[in-house]
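Have a look at the structure below, then the notes.
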Amino acid sequence: MMISVIGGCDRPARRERLLDGRCCRSMLFAVVAIMMLAGRDVLAVDAVDSVGITVSDLDRSMDFYHSVLGFREERLIEVDGDAYEELYGVFGMRLRIARMRLGDEYIELMQFLAPSGRPIPIDSRSNDLWFQHIAIITGNMDRAYARLREHKVAHASSGPQRLPDWNPNAGGIRAFYFRDPDGNHLEVLQFPAGKGAAKWHDADDTELFLGIDHTAIVVADTESSLRFYRDQLALQIAGSSENYGPEQERLNNVFGARLQITALRAARGPGIEFLQYLAPSGGREMPADTRANDLWHWQINLESSDLKADWQTLRDGRARFVSPGPIMTPGDLGYDQGLMVRDPDGHASLLLHRQGKKP
């Protein structure tokens, strides 16, 4: 979704203990925290590399993301073996991955040739806790919506919605939810002047879809999610908003929707947004037995300069691991170590260490 990104404080040094959630909302407190923590190792997670999406038919999905949305293939590879089984937590797996680029941002489409996983529930709703999407930016919502209609995409919203001006952080933003061939939610979003990153306004009009601003996840409790993404993974709060009203209800296709939205960012890459439904209640939890080959599985790929240190921080915070520890990989996917972990609601992050990058 849909809030403007504002500047944040500098990235602090590695925290050995969780900080009070209020500290990062004040520049003064942030400066004090940095002074107190001076001399410790720097935080290792420094970029959101890409967003991974599990699909049932990679060729079909690649065609959709390219022909409809303008993504371009960067790499196509197939992997199997013990290291990847431990990394993804799927025994006997064979995996095809297509890395695709839009603007400066990337997605990775993943098809598990073996074993296949379960489909997205047919009655999946935008307030279910397995919900995740990417927000694709356009400079012209009318043209973008017409393009999607030409390709007969499945609507998830009734149509593009303009968020009301009474909301200072979200007013004037136009947004529309739709679905890919597997039923994954996607969003196309247009920022008005004065909102969003400068690059979305500086782009020329030769490309209809410009890049990915953020990925959004539904969370049960914002403070619990902040303890994971901010205090353990070092992402910084970049903005917040409370959204409600008929436009929001029609966008999410959830009657009575009232959302607390919190945006976070790393030094590079798209942001991560929390969508906490203050109303209505009743969003379903992520199935406890979710695996990476299930079609509702998404993952946020985070680049780390010190995976061992991140692993220790996450262990100290009692995180839920998929991988038994940092896994040495053959490097086929562009990184030589990886670690998969789940947040308090079950959303997956894959921490990866690039080949040749020193702590």
**OP:** Using a 10 angstrom cutoff on alpha carbons, build the Gaussian network for the chain and name the most mobile of ARG230, ARG60, ARG258.
**Re:** ARG60
**OP:** Give the long-range amide H neighbours of ALA156: residues separated by 5 or more places, or on another chain, with amide H under 5 Å away, using H modelled in the peptide plane at 1.01 Å from N.
**Re:** TYR177, PHE178, ARG179
Original post:
In which sequence would ASP204, ASP316, ASP49 go, from the one with the fewest C-beta neighbours within 10 Å to the one with the most?
Top reply: ASP204, ASP316, ASP49
Original post:
For the pair ARG258 and ASP221, what calculated FRET efficiency results from E = 1/(1 + (r/R0)^6), where r is the Cβ-Cβ distance and R0 = 25 Å, to the nearest 0.05?
Top reply: 0.95
Original post:
Applying 1/(1 + (r/R0)^6) with R0 = 30 Å to the Cβ-Cβ distance of ALA197 and LEU278, what FRET efficiency is obtained, to the nearest 0.05?
Top reply: 0.65
Original post:
If you plug each phi of the range 85-99 into the Karplus form 6.51 cos²θ - 1.76 cosθ + 1.60 with θ = phi - 60°, what whole-Hz ³J(HN,Hα) values come out, in order, with x for Gly and Pro?
Top reply: 4, 5, 5, 8, x, 10, 6, x, 7, 10, 10, 9, 10, 10, 8
Original post:
What nm value, rounded to one decimal, do you get for the distance between HIS66 and TRP166 when each label is placed 7 Å out toward the C-beta?
Top reply: 4.7 nm
Original post:
Based on the Cα coordinates of the range 45-359, what is the per residue volume of their convex hull in Å³?
Top reply: 123 Å³
**OP:** Evaluate the distance, in nm, between pseudo-label points positioned 7 Å from the Cα of ASP123 and of ALA154 along their respective Cα→Cβ axes.
**Re:** 1.6 nm
Original post:
If you place +1 on the Cβ of every Lys and Arg and -1 on the Cβ of every Asp and Glu, how big does the dipole about the Cα centre of the chain come out, in debye to the nearest 20?
Top reply: 620 debye
Original post:
If you take the beta carbon distance between ARG318 and ASP289 as r and set R0 to 25 Å, what does 1/(1 + (r/R0)^6) give as a FRET efficiency, to the nearest 0.05?
Top reply: 0.80
Subject >> Environment charge of PHE91, counting only residues whose C-beta is closer than 13 Å and scoring Lys/Arg +1, Asp/Glu -1 >> reply: -2
Subject >> Potential lengthening between ARG179 and GLU78 on full extension [0.36 nm per residue; Cα-Cα distance subtracted] >> reply: 33.8 nm
Original post:
Around ALA175, with a cut-off of 14 angstrom between Cβ atoms, what is the net charge of the other residues, counting Lys and Arg +1 and Asp and Glu -1?
Top reply: -2
**OP:** State, to one decimal in nm, how far the label point of ALA267 lies from the label point of TYR244, with both points 7 Å from Cα in the Cβ direction.
**Re:** 4.0 nm
**OP:** Report the local net charge at ASN252: Lys and Arg +1, Asp and Glu -1, summed over other residues whose C-beta lies under 12 Å from its C-beta.
**Re:** -1
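A short reminder: the numbers here are calculations on the coordinates, not readings from a lab. Note that the coordinates shown come from a computational prediction; the quantities given were computed from them, not determined experimentally. Reconstructed Cβ throughout: ideal geometry from the backbone, glycine too, with neighbour counts over all protein chains shown.
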